[in-house]
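Report on one structure; see the data block that follows.
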Amino acid sequence: MKFSHSLLKRILPRTPSKKAVAAALTMHSFETEEGEGDTILIDIPANRYSDAASHLGVARELAVILGEKLQSPILRGNALKAKGRGILKAQVARSEDCPRYALALLRLAKMPRTPAWMRKALIACGIQPINGVVDIM
């Protein structure tokens, strides 16, 4: 799979060079090669797709290998307060089985453009940017 080195650095600021990332991941977790430009090629085995087949998953793996602390990204925005019952409702029955749950509702007057840094990361991974909503999904 293709991963963007610059996006990994946004998630884990102390991410080392592409060469050091490739060496660390190869020695501890996954076969990894430096790709062209900003790209790192990582062979994620099928049994690790659920936790490692994303930039956040790779950053989490790197943080463990490097002994760094990873701060999970937090979606910030205006809290939606509805009168009476909420528009969306979710309940986690067993929080020990679900340590992280996110729910968001977007109300947009117009479709936002994908930020330049995200477009660059998507292109480095071989993905064509579409728009600000689709690209974050």
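Here are the numbers:
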item	result
Residues located in region 2-41, provided they are β-branched (Val, Ile, Thr) and touching a Pro at 6+ places or on another chain (Cβ under 9 Å)	ILE11
Answer residue from region 1-38, given it is crowded, with 17+ Cβ neighbours inside 10 Å and of a type in the set (Val, Ile, Thr) and is modelled with the lowest pLDDT among those	ILE11
Residues of region 40-55 classified as modelled with pLDDT under 95 and touching a strand residue (DSSP E or B) at 6+ places or on another chain (Cβ under 8 Å), total	1
Residues (in a strand (DSSP E or B) and of a type in the set (S, T, N, Q)) located in region 1-34	SER4, THR32
Failed condition for ARG107, given (1) modelled with pLDDT of 95 or more; (2) exposed (fewer than 10 other Cβ atoms within 10 Å of the Cβ)	(1)
Tally of residues being loosely packed, with under 12 Cβ neighbours inside 10 Å and assigned to a loop (DSSP other than H, G, I, E, B) across region 39-72	5
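Residues are listed down the side, and each one gets a yes or a no for (1) over 22 Å from ASP51 (Cβ atoms); (2) touching a Gly at 6+ places or on another chain (Cβ under 6 Å); (3) in a loop (DSSP other than H, G, I, E, B); (4) not aromatic (Phe, Trp, Tyr):
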{"site": "LYS89", "(1), (2), (3), (4)": "yes, no, yes, yes"}
{"site": "VAL92", "(1), (2), (3), (4)": "no, no, yes, yes"}
{"site": "LEU103", "(1), (2), (3), (4)": "no, no, yes, yes"}
{"site": "ARG107", "(1), (2), (3), (4)": "yes, no, yes, yes"}
{"site": "LYS110", "(1), (2), (3), (4)": "yes, no, yes, yes"}
{"site": "TRP117", "(1), (2), (3), (4)": "yes, no, no, no"}
{"site": "LYS120", "(1), (2), (3), (4)": "yes, no, no, yes"}
{"site": "ILE123", "(1), (2), (3), (4)": "yes, no, no, yes"}
{"site": "ILE127", "(1), (2), (3), (4)": "no, no, yes, yes"}
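The values are calculated or read from the model by the stated rules, or taken from the named source; none is laboratory data. These numbers were taken from a predicted model, which means no experiment stands behind them. Cβ: placed from backbone, ideal geometry, glycine included. Neighbour counts: every protein chain shown.
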